[in-house]
Amino acid sequence: MAEQGPESTTEQVDERRFGEFVAVRRHGHVAELALDRPKAMNAVSTEMARSIAGACDALAADRDVRVVVLASTHERAFCVGADLKERNSFTDADLVRQRPVARAAYTGVLELPMPTIAAVHGFALGGGFELALSCDLIVADRTAVVGLPEVSVGVIPGGGGTQLLPRRVGAARAAELIFSARRLEAAEARELGLVDELVEAGRDTAEALALAARIAANSPVGLRAAKRALRLGHGLDLRAGLEVEDSAWRSVAFSGDRAEGVAAFNEKRAPQWPGE
């Protein structure tokens with residue numbers, strides 16, 4: 001890894017590989033999904049896309065995972081986007097066949113039911129930045145360079161960028177960034193809201209894991225329901241959004257986590273979440 005979590009010197013971390021290029025490392029109730037194709041700066045090939053999707057499927061089904069951190073093992077890049085060397089060899093038919101495989105990687109991250117945090121350093125461009133945008137929060141270090149340069153090579157952001165970026169920065173700002181294909185360094189990205197937290201160089205994964213651990217101390221049932229309400233309610237009118245919120249509230253109001261949370265508060269102790 002480019003950097004380690006805050007307890008990496010003493011913590012026993014379990015690792016599971018998904019193909020050659022993706023690893024999932026467990027830190028208690030936090031899962032670190034690590035992009036691990038260092039020879040290509042984590043360029044997303046067809047094989048790597050399948051691995052990302054497979055890892056996300058496994059994480060989505062794991063009720064013990066409360067937060068996911070999307071990170072990189074490469075020292076100078078989070079992810080440089082699609083593997084254009086592979087794409088250069090594609091026929092039109094190859095590209096059509098690959099499209100659902102690529103989409104499954106991005107939607108896999110986007111549709112994870114628990115909170116997700118991207119830990120970004122170095123280059124996060126094109127599909128790489130779209131993977132980060134698919135997360136709920138983005139922690140970036142001061143080496144980060146982000147952008148959606150797809151129109152400069154004759155395509156458009158196809159991993160959710162045209163939909164996710166305007167939800168972060170507004171339609172006009174997103175249009176300027178996508179149409180110009182320009183890259184933004186970390187300070188400007190933070191100023192414009194493309195990333196949520198800016199940390200010192202080499203600290204993105206450690207700080208993201210620390211934030212994830214704080215979030216993971218909360219009710220897993222509550223976290224998933226809150227994310228569902230935030231995602232489904234976005235863009236709706238207020239009345240419809242409040243109905244989405246009410247539905248999410250009803251899904252947790254009679255849960256074991258709610259009962260444990262109230263009991264722990266009254267007994268002045270840390271809750272022991274049943275996760276149901």
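Based on DSSP H runs of at least 4 residues, each adding -39500 (n - 2.57), what is the mean residue ellipticity at 222 nm of the chain after dividing by all its residues, to the nearest 500 deg cm²/dmol?
Per the formula, -14000 deg cm²/dmol.
In the chain, what percentage of the DSSP-assigned beta bridges are antiparallel, given to the nearest 5?
The antiparallel proportion sits near 35 percent.
Assigning unit charges at the beta carbon (Lys, Arg +1; Asp, Glu -1) and nothing else, what dipole magnitude in debye, to the nearest 20, does the chain show about its Cα centre?
Computed charge dipole of the chain: roughly 380 debye.
So which trypsin sites (Lys or Arg not before Pro) in segment 187-272 end up in coil per DSSP with only 15 or fewer other C-beta atoms within 10 Å?
Lys268, Arg269
Grab the beta carbon distance between Glu188 and Ala253, set R0 = 41 Å, and tell me the FRET efficiency rounded to 0.05.
About 0.45, to the nearest 0.05.
Bear in mind that the values in this text are calculations on the coordinates, not laboratory data. What you see is a predicted model; the values in this text were computed from it and never measured. When we count neighbours, we look across all protein chains shown, and the Cβ atoms used for this are built from the backbone with ideal geometry, even at glycine.
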